[in-house]
1. Of (1) more than 26 Å from residue 20 (Cβ to Cβ); (2) touching a residue at least 60 places away in the same chain (Cβ under 8 Å); (3) surrounded by 24 or more Cβ atoms within 10 Å (Cβ to Cβ), residue 112 satisfies all except one. Which?
2. Only residues that are modelled with pLDDT of 95 or more, in a strand (DSSP E or B) and buried (at least 18 other Cβ atoms within 10 Å of the Cβ): list them for region 441-460, please.
3. Looking only at helices (runs of 4 or more DSSP H) that lie completely in region 527-575, which have at least 2 residues being surrounded by fewer than 24 Cβ atoms within 10 Å (Cβ to Cβ) and at pLDDT 95 or above?
4. Here's a check for you: in region 273-284, which residue that is buried (at least 19 other Cβ atoms within 10 Å of the Cβ) and not in a loop (DSSP other than H, G, I, E, B) is farthest from the chain's Cα centre (by Cα)?
5. Just one of (1) modelled with pLDDT of 95 or more; (2) over 22 Å from residue 149 (Cα atoms) trips up residue 524, so point out which.
6. When you scan region 395-414, do you find a residue that is part of a loop (DSSP other than H, G, I, E, B) and surrounded by fewer than 17 Cβ atoms within 10 Å (Cβ to Cβ), even just one?
């Protein structure tokens with residue numbers, strides 16, 4: 001196996017543009033293949049996965065839509081393959097590697113499984129096709145595999161420490177048999193696995209077609225040029241940012257098993273040619289499963305750095321060369337074995353949010369960073385026996401919520417959190433068909449939080465009414481105790497929460513809950529937060545306040561007492 005690149009030819013700009021479009025299209029086609037062939041709603045409806053191409057040196061070439069929080073994960077997963085197998089020249093055409101190791105190697109939590117396939121030109125390794133998807137079930141002590149009360153990684157499911165799923169095109173049946181024997185819904189899990197394998201093979205085929213058309217040296221030279229161009233464009237954007245040292249701190253509610261809150265902090269240094277994000281001072285890793293591994297930390301920084309510079313620059317490794325990340329080992333952002341990590345997103349989202357919070361006040365002219373949003377994935381698992389089929393069902397999904405207001409606009413309402421990117425919640429029709437509950441309510445929720453000259457976006461209310469004899473709910477709604485932050489005199493947002501409404505009318509309120517038993521007629525009410533406001537509420541245009549009342553976004557009382565706007569009697573009466 002060889003990974004050496006020969007001297008590349010000189011590229012004309014037209015060919016370079018065609019190669020760029022083709023590489024992006026390959027990642028997009030891989031993405032569509034998974035969506036069209038996967039078995040689990042968390043993949044084919046939610047789109048909780050990412051696909052991309054990585055070069056022979058583990059540099060990201062292109063990445064399709066999907067989970068923003070996986071930026072960088074494909075790079076580090078491929079790097080893990082090269083470190084373990086490349087050093088002994090044990091990477092062959094037709095190999096497919098599987099890994100979900102969460103403390104490095106591109107891992108996040110065990111449910112997020114990476115598959116990597118080398119791409120060869122002759123006997124020369126030239127690239128990798130890679131994807132990372134949330135497989136609905138991977139074993140462990142709880143249905144859906146992630147939970148809020150795990151105390152060590154061994155409770156959270158199967159671990160794949162970068163092994164071969166295929167070797168030279170032949171399946172490692174022992175690994176597949178082990179996977180099938182250890183998951184609660186083997187048909188769905190294996191279906192997701194084969195969907196991800198199909199996408200890799202499409203990526204390999206399309207890359208080979210591109211190389212056959214233009215020549216492998218031209219394609220590789222194009223890749224190098226595109227990565228270099230993205231670095232140049234990113235550094236030009238970096239030069240527009242104000243140099244200085246900026247800080248932010250916040251608190252993670254708890255770890256799910258009674259400990260917390262936990263301080264997290266960042267110092268962001270913007271220099272002429274780089275940005276340094278130093279998370280020294282953040283809480284040590286914790287007993288419960290909110291810990292994040294180092295690759296989650298890097299991906300969280302990459303997400304916000306892309307927003308700080310230019311989202312329109314093609315995503316590849318060059319975009320992130322000016323970024324340096326510092327964090328000591330064994331913190332809540334850099335957890336090590338055997339720390340539980342199954343709800344890592346509660347912490348990884350804070351990585352992005354801290355840098356965001358530190359820089360938002362000093363970038364008013366860029367209009368890119370709003371006030372704080374509902375932040376949490378607000379992940380939910382509902383499991384039970386389907387009342388019609390008698391089969392086990394396991395719903396795994398995120399929720400959408402309110403985003404913070406900006407310098408010139410109200411916050412977005414009902415949008416997934418920053419780390420979830422181009423993902424969705426499961427449609428009501430699909431949920432009611434596949435699972436043992438009825439969607440009794442799905443609406444914006446009004447709590448009058450996030451007031452400002454520009455108000456925070458609204459969260460959502462989603463009611464799951466149980467229609468089977470019993471079901472179990474696991475949920476993690478971060479920012480249950482610490483509300484989304486505001487800017488420039490605006491008011492903070494509200495809090496995420498889960499309300500269990502029992503059939504007898506009693507209610508229980510949770511931020512995190514594991515295996516809450518629900519019976520027929522009980523309702524799991526999922527409530528996501530309003531985002532933070534921007535600017536003094538008294539500066540909001542009175543007609544906009546009146547329109548908010550007419551639309552049911554705020555109450556008449558809030559309009560008069562917080563915004564200082566007197567309402568016409570008919571508007572006030574209609575609230």
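1. (2)
2. Listed by number, the residues that qualify are 454, 459, 460.
3. Answer list for region 527-575: 542-550, 556-561.
4. By that ranking, first place goes to 275.
5. In the conditions (1) modelled with pLDDT of 95 or more; (2) over 22 Å from residue 149 (Cα atoms), residue 524 misses (2) alone.
6. yes
Rundown of residues vs (1) closer than 24 Å to residue 55 by Cα; (2) at pLDDT 95 or above; (3) buried (at least 24 other Cβ atoms within 10 Å of the Cβ), yes/no style:
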| position | (1), (2), (3) |
| --- | --- |
| 101 | yes, no, no |
| 122 | yes, no, no |
| 138 | no, yes, yes |
| 151 | no, yes, no |
| 176 | no, yes, no |
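Condition check ((1) in contact with a strand residue (DSSP E or B) (Cβ under 8 Å, 6 or more places away or on another chain); (2) over 26 Å from residue 247 (Cα atoms)) across all residues:
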{"position": "361", "(1), (2)": "yes, no"}
{"position": "364", "(1), (2)": "no, no"}
{"position": "380", "(1), (2)": "yes, yes"}
{"position": "393", "(1), (2)": "yes, yes"}
{"position": "407", "(1), (2)": "yes, no"}
{"position": "428", "(1), (2)": "yes, yes"}
{"position": "447", "(1), (2)": "yes, yes"}
{"position": "463", "(1), (2)": "yes, yes"}
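The values are calculated or read from the model by the stated rules, or taken from the named source; none is laboratory data. All values reported here derive from a predicted model rather than from experimental measurement. Cβ sites come from the backbone with ideal geometry, for glycine too, and all protein chains shown count toward neighbours.
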